[in-house]
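Where a number appears in this text, it was derived from the coordinates with a stated rule and is not lab data. No experiment lies behind these values; they were computed from the predicted model shown. Quick reminder, even Gly has a Cβ in these numbers, built from the backbone with ideal geometry, and neighbours come from all protein chains shown.
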């Protein structure tokens, strides 16, 4: 009886986390696409602030995508799934840090 309850709760958790992961990933992709298209349009008009805003959008997108990867850690069942997940989170973290660094060190001519 108790094991059945725990199995049902685990199944519910897996479904909720899986759905949340998809939603958060879609949010990250949406942010990336809208930032890219919007800033490309501004870049075509020779707006000097387009690049910093694009980098900010990429950074925001990576934050959402990392959140989705962290949600996946809740539901992984085999140790073999852990290494690719860890590498993905590490790469996205490095890219986000590089984007923040680029924003911080952008000259006043780009802002």
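Figures for the structure shown
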item	result
Segments 65-73, 47-55 sorted - mean Cβ within 10 Å per residue, highest first	65-73, 47-55
Mean separation of Cα contacts under 8 Å, 6 or more apart, over the residue count of segment 1-60: relative contact order %	32 percent
Theoretical ellipticity at 222 nm over the chain - DSSP helices of four or more residues, -39500 (n - 2.57) apiece, nearest 500	-30000 deg cm²/dmol
Neighbour-count order for 100, 46, fewest beta carbons within 10 angstrom listed first	46, 100
Mean separation of Cα contacts under 8 Å, 6 or more apart, over the residue count of the chain: relative contact order %	32 percent
Spin-label model distance (nm) - residue 44 vs residue 94, 7 Å beyond Cα toward Cβ	3.4 nm
Rg/Rh for segment 1-88, where both radii come from Cα atoms and Rh is the Kirkwood radius	1.22
Inter-site label distance for residue 7 and residue 36 at 7 Å from Cα along Cβ, in nm	4.4 nm
